[in-house]
Amino acid sequence: MMPMLTGYRILDITQFVAGPTCTRIMAEMGAEVIKVELVPNGDHGRQSGLRARGDKNENCTQSTYFAQHNHSKKSLAIDLKSSRGQEILKQMLPKIDVLVENFAPGAIARMGLSYEDLKEINPRLIMCSISMAGQSGPLSQQPGFDYMASAYAGITSQIGEIDQGPVQVPIAMGDSATGVAAAMAVGFALLHRERTGEGQFIDCSLLDTYVQMHEDLIPRVGIRGKAALPPRSGSQHFNGGPTGVFHVGDGSYVQIMLMPYQWTRILAAMNMPELADDPRFKSPHERRTNRVELKDIIEGWMATISNREAVLEVLNRERVPAAPVLTIDDTIQLPQLRERGTIREISDPYIGTFPIPGQPPLFSKWNYSSNLSAPLLGEHNEEILQDLLDMSLDEIEALKDDHIIVSDVRLKTK
């Protein structure tokens with residue numbers, strides 16, 4: 001079955017996570033994604049994660065971090081700070097459908113590659129810019145990463161123990177979610193172009209993405225002010241009763257989340273029907289107010305059972321929404337994720353075979369490739385310049401000599 005984006009060509013001038021996530025999604029859907037990497041070292045993600053080791057790979061820039069976010073793409077390593085590099089990119093524009101970039105606002109314009117410049121070359125071009133706070137507004141010129149957006153969005157302030165300060169979110173949640181949102185937006189813009197012939201500019205912000213993750217608090221706090229600000233509540237959700245992480249007697253943890261109509265289920269599981277009439281827990285409001293006492297009761301009950309599996313068996317029998325709190329090594333081996341391809345393998349000749357996350361949506365009319373690989377730095381320089389610009393090998397060699405393009409393809413000959 002033909003991948004859904006077959007025939008579309010994407011120019012990817014991105015690095016780290018948010019931008020590469022957007023373009024990787026499109027690459028997996030069948031688009032030809034040309035990853036433009038700045039000389040001499042390419043995407044900064046090549047410097048993170050586990051690196052290729054061994055004498056023959058001494059100068060190899062492959063890494064697990066880069067491979068996870070950039071497999072299924074082609075690499076063009078070019079000096080975009082030079083006028084010649086910028087000229088080459090502009091010459092490619094008529095054959096490009098989408099350009100995605102995630103440099104600090106203004107940086108791409110200083111390279112002569114603003115949307116206003118590029119749409120003159122290709123009016124059908126769809127350009128997507130991803131940044132911490134967006135291309136407009138008081139914060140637009142402020143550099144920043146995922147964690148800055150989380151802090152501005154009021155996410156970081158909510159996480160931590162009630163008697164301590166906020167804690168650091170350990171994953172690039174906003175980067176990933178913004179990359180997915182950007183891919184969605186590009187898809188919609190392509191559909192719009194199919195109907196109208198018009199290209200357009202898309203402005204994606206990590207901060208905007210984080211703010212829309214608040215499922216309830218924006219209107220609540222907007223109406224009631226600081227009185228509605230939730231306290232940090234550690235392992236227990238401030239609005240749940242019971243909702244949170246509970247310690248099991250064997251030293252492991254279980255996550256429980258109960259909606260008000262499911263309250264009687266956990267009472268049946270614990271064989272404690274008398275709690276239904278306990279004034280501390282008679283309503284959702286009381287259960288939220290007394291969530292610490294309720295946590296102690298639930299953990300006391302769990303301590304009477306031998307292990308986490310037995311606790312989950314009892315909870316599942318009464319259809320209490322619950323799950324084991326797994327460590328990442330357990331998650332990697334979870335049969336559910338392996339069966340659906342949520343965890344899959346990538347084999348790299350320089351690093352070896354290692355697991356990476358899969359693509360979340362599954363389609364009935366098309367399957368993802370199981371043969372994944374990430375490009376070496378500049379691996380596709382010749383192919384891209386010949387195919388898109390009809391450059392001769394002599395012209396390409398001259399670009400190499402002038403250090404306009406670089407590559408690691410020499411590693412393949414060792």
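The values are calculated or read from the model by the stated rules, or taken from the named source; none is laboratory data. Note that the structure is predicted; figures quoted are calculated from it, not measured. Neighbour counts run over all protein chains shown; Cβ positions are idealised from the backbone, glycine included. For accessibility, only protein heavy atoms count, side chains too; no ligands or nucleic acids. Shrake-Rupley method; radii C 1.70, N 1.55, O 1.52, S 1.80 Å.
Below are the figures for this structure:
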item: Dipole-positive endmost among 205, 14, 36 within the chain (Cβ charges, Cα centre); result: 205
item: Antiparallel DSSP beta bridges within the chain, percent to nearest 5; result: 45 percent
item: For the chain: accessible area per residue (Å², 1.4 Å); result: 51 Å²
item: Förster radius 35 Å - calculated FRET efficiency between residue 124 and residue 337 (Cβ-Cβ, nearest 0.05); result: 0.35
item: Listed peptides 389-402, 120-133 by packing density, highest first (mean Cβ within 10 Å); result: 120-133, 389-402
item: In the range 339-384, the trypsin sites (Lys or Arg not before Pro) that fall in loop regions by DSSP, at most 13 other Cβ within 10 Å; result: 365
item: Distance between the range 359-414 and the range 1-20 - C-alpha centres, whole angstrom; result: 14 Å
item: Residue 343 long-range amide H proximity, modeled H, under 5 Å; result: 338, 358
item: Highest average packing first - 166-172, 73-79, Cβ atoms within 10 Å; result: 73-79, 166-172
item: Residue among 92, 114, 72 farthest towards the positive dipole end of the range 66-129, charges placed on Cβ; result: 72
item: Cross-link table 35/73; 95/119; 81/400; 35/81; 95/400, entries beyond 18 Å C-alpha to C-alpha; result: 95/400
item: Extension gain (nm, one decimal) between residue 299 and residue 327, 0.36 nm per residue minus Cα-Cα; result: 8.1 nm
item: Point-charge dipole on Cβ atoms (K/R +1, D/E -1) for the range 209-289, about Cα centre, debye to 20; result: 360 debye
item: Positive-end extreme of charge dipole, the chain - chosen from 136, 346, 305 (charges on Cβ); result: 305
item: For peptides 94-101, 281-288, sequence by mean Cβ density within 10 Å, most packed first; result: 94-101, 281-288
item: Rounded to 5, the percent of DSSP beta bridges in the range 1-85 classed as antiparallel; result: 10 percent
item: 222 nm mean residue ellipticity, helices alone, for the chain (DSSP H n ≥ 4; -39,500 (n - 2.57); rounded to 500); result: -10000 deg cm²/dmol
item: Shape category assigned to the range 217-272 from the gyration tensor of Cα positions, a/c cut at 1.5; result: oblate
item: Protein accessible area in the chain, 1.4 Å probe - carbon and sulfur %; result: 54 percent
item: Cα centre as origin, Lys/Arg/Asp/Glu Cβ charges: the range 69-225 dipole, Debye; result: 520 debye
item: Neighbour net charge for residue 25 - beta-carbon separation under 12 angstrom, K R +1, D E -1; result: 0
item: Gyration tensor verdict on the range 1-117 (Cα atoms; rounded if a/c is under 1.5, prolate if a/b is larger than b/c, oblate otherwise); result: oblate
item: Estimated dipole of the chain in Debye, rounded to 20 [Cβ of Lys and Arg +1, of Asp and Glu -1, Cα centre]; result: 800 debye
item: Distance from the range 320-335 to the range 220-269 (C-alpha centre basis), Å; result: 19 Å
item: Three-way shape call for the range 54-179 based on the alpha-carbon gyration tensor, with the a/c threshold at 1.5; result: oblate
